[in-house]
Amino acid sequence: MTIYARILGMLFGAMMLLLALLITVETVIRKAFSMSLGGVDELGGYAIAIAAPLAFCVAMVEQSHIRINLVHMRLPFRVQAVLNALAALTLGLLAAFLLYFTIQTVQDTRLYGSIAQTPRATPLIYPQTVWLVAISAFTLAAAVLTVQAMGLLLRGDWKALNRRFGPSSAQDELDAELEDLKQREQQLGEPHHEGGQS
């Protein structure tokens, strides 16, 4: 799942960089030449709608979303595990609902031949189909993680459940940052510290 999330994260990043480039070009030519590319704001809306589920997937797989664990960390170990499984299940159900809603929206768009209320009059079936693919990618990841969490819960593997699906403690985050720093230093070549001989 980590590789899957990394690929989606790269797609998200590429889409945001392209959008930033378009906005920059639009701003420069408006100021310098009083011209416009036209439709950049419309494309930006589509890009955000498509990129959002990709970002959801990365945050879910990497457990990088914000979770307030003030109460959670004080609960018994098994209760924490059950709540973590419940969190994975409800996230999976949310993803399934979003997929259902998106499918219904795309079907209505196809049925009515809906177009954007913009000068371009873009047929909405095209951006919405890409949106559906992005939501499906998020739902697939959510479904896999939900099945994993339920499997651990049914086996009573509380330790693995808390380790994989529990919120990180401050110490866990510090350890991860130190490990990341160590890896970056190894990739760049560790700085050479010379002795203080004169």
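The values are calculated or read from the model by the stated rules, or taken from the named source; none is laboratory data. Keep in mind that what you see is a predicted model, and the values were worked out from it rather than measured. All Cβ positions, even for glycine, are placed from backbone atoms using ideal geometry, and neighbour counts span all protein chains on display. Just so you know, the surface numbers come from the protein's heavy atoms only, side chains and all, with ligands and any DNA or RNA stripped out. Shrake-Rupley method; radii C 1.70, N 1.55, O 1.52, S 1.80 Å.
Suppose the chain between ASP41 and GLN186 were pulled fully straight at 0.36 nm per residue; how much longer would it get relative to their current alpha carbon spacing?
Full-extension gain reported as 48.0 nm.
For ILE115, which sequence-distant residues (separation of 5 or more, or a different chain) have an amide H within less than 5 Å of its own amide H, given hydrogens modelled in the peptide plane?
LEU124
Under a point spin-label approximation (7 Å from Cα along Cα-to-Cβ), what is the GLN117-ALA20 distance to one decimal in nm?
Label at GLN117, label at ALA20, 3.3 nm between them.
If I stretch the segment between ARG110 and VAL133 completely, what's the gain in nm (0.36 nm per residue apart, minus their alpha carbon distance), one decimal?
That works out to 6.7 nm of additional length.
Apply 1/(1 + (r/R0)^6) to the Cβ-Cβ distance of THR90 and LYS159, taking R0 = 22 Å, and write down the FRET efficiency to the nearest 0.05.
After rounding, the FRET efficiency stands at 0.50.
Rounded to the nearest 500, what is the chain's calculated 222 nm mean residue ellipticity when only DSSP H runs of at least 4 contribute -39500 (n - 2.57) each, over all residues?
Counting only the DSSP helices, I get -26500 deg cm²/dmol.
Could you pull out every whole DSSP H run in the chain that spans at least 24 Å of Cα extent along its own axis and averages -1.0 or higher on the Kyte-Doolittle scale?
2-33, 40-62, 77-112, 125-155
Among GLN186, THR122, GLY166, whose Cα sits farthest toward the positive end of the charge dipole of the range 78-190 (+1 at Cβ of Lys/Arg, -1 at Cβ of Asp/Glu, about the Cα centre)?
Value computed over the given set: THR122.
Between MET10 and ALA143, what is the label-point separation in nm under the 7 Å Cα-to-beta-carbon projection?
The answer from the label model is 2.5 nm.
Considering the chain as a Gaussian network with a 10 Å cut-off on Cα pairs, which listed residue, GLY166, GLY92, GLY156, attains the greatest mean-square fluctuation?
GLY156
Taking all protein chains in place and a 1.4 Å probe, what share, in percent, of the accessible surface of the chain do carbon and sulfur account for?
66
Can you pull out the chymotrypsin sites (Phe, Trp or Tyr not before Pro) in the range 1-42 whose DSSP state is coil and whose Cβ has at most 15 other Cβ atoms within 10 Å?
The qualifying sites: there are none.
Tell me the per residue accessible area of the range 35-120 using a 1.4 Å probe; a whole number in Å² is fine.
64
Taking 8 Å as the Cα distance limit and 6 or more residues as the minimum spacing, I'd like the relative contact order of the range 19-174 as a percentage.
Normalised by residue count, the contact order of the range 19-174 is 32 percent.
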